[in-house]
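Below you'll find the structure, written out as structure tokens, and then a few comments.
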Amino acid sequence: MSHEITVKGEIDRRHNTVCRFTAGRTIYIGTASFSSKEEARGMALAEKLFEIEGVAKVSLIGRLVVITRESDRDWAEISPQVEAVISAYLVSGLALTADEVQDRMQLVGRSTRDKIQYLLDRRINPGVAVHAGFVELLEVRDNIAYVRMGGGCQGCGAADFTLRRGIEAIIQREVPEIRQILDVTDHAAGMNPYYRPAP
């Protein structure tokens, strides 16, 4: 795993206020640029980098962290701090895991419905299958995903917890345009629900 936390900086030869720091693993899927800590709010790595005196701009592109320094600062002061922050971020548990990187790369260019189906197939259903359950996507409408839970999930007392803390959390993190996940399962019906209402 040591290769995953290597960070190497290279100053731009044409613009010496810019330095590209390459990490040993993917930091960000896509491209994001921030010109202040306020702009970076919610992106832990960028927020922390703005705490370094002299950092004027932060851009994230795959394995690259591109820093623009203020003109009156020196890379000899800034670079070691930037490398330390990036390294700490990579081992903090906040950085993307290899599986998350793979999932996000697979989601690029897909429709909203296809993204959710991919997450169900790859991340959600393998977990609920351990309890003999499955989750089926019925439709996506007005930024709401409608799902049905089956097998061991139908009628399970923990179904709502699974939906809110597991399914909804994963989908909304990876497909932020989805505002809500609605479970349309009849949890009192089915061949073998875990919960049966009293007669």
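Structure summary
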{"read-out": "Residue list for segment 99-121, filter: exposed (fewer than 11 other Cβ atoms within 10 Å of the Cβ) and either touching a Pro at 6+ places or on another chain (Cβ under 8 Å) or among the β-branched types (Val, Ile, Thr) (or both)", "value": "VAL108"}
{"read-out": "Filter result (closer than 15 Å to GLN117 by Cα and in a strand (DSSP E or B)) within segment 161-181", "value": "ILE181"}
{"read-out": "Any helices (runs of 4 or more DSSP H) falling wholly within segment 69-160 and containing at least 1 residues that are modelled with pLDDT of 85 or more and acidic (Asp, Glu)", "value": "75-91, 112-119"}
{"read-out": "Matching residues, segment 2-33, being over 18 Å from the mean Cα position of the chain (by Cα) and assigned to a strand (DSSP E or B)", "value": "VAL7, LYS8, GLY9, GLU10, ILE11, VAL18, CYS19, ARG20, PHE21, THR22"}
{"read-out": "Test for ILE78: is it among the hydrophobic types (A, V, I, L, M, F, W, C), surrounded by 16 or more Cβ atoms within 10 Å (Cβ to Cβ), farther than 30 Å from ILE124 by Cβ and in the same structural domain as ILE11 (by TED's automatic domain parsing)", "value": "yes"}
{"read-out": "Residues satisfying the stated conditions in segment 35-49, i.e. part of a loop (DSSP other than H, G, I, E, B) and either crowded, with 19+ Cβ neighbours inside 10 Å or in contact with a Ser or Thr (Cβ under 7 Å, 6 or more places away or on another chain) (or both)", "value": "ALA40"}
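Every residue, every condition in (1) touching a Gly at 6+ places or on another chain (Cβ under 6 Å); (2) basic (Lys, Arg); (3) on the phi > 0 side of the Ramachandran plot; (4) surrounded by fewer than 19 Cβ atoms within 10 Å (Cβ to Cβ), yes or no:
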| position | (1), (2), (3), (4) |
| --- | --- |
| VAL91 | no, no, no, yes |
| THR97 | no, no, no, yes |
| ARG123 | no, yes, no, yes |
| VAL140 | no, no, no, no |
| ALA159 | no, no, no, no |
| GLY166 | no, no, no, yes |
| ALA169 | no, no, no, yes |
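The values are calculated or read from the model by the stated rules, or taken from the named source; none is laboratory data. Quick caveat: nothing in here was measured; it's all calculated off a predicted structure. With ideal geometry, Cβ positions are generated from the backbone for all residues, glycine too; neighbour counts draw on all protein chains shown.
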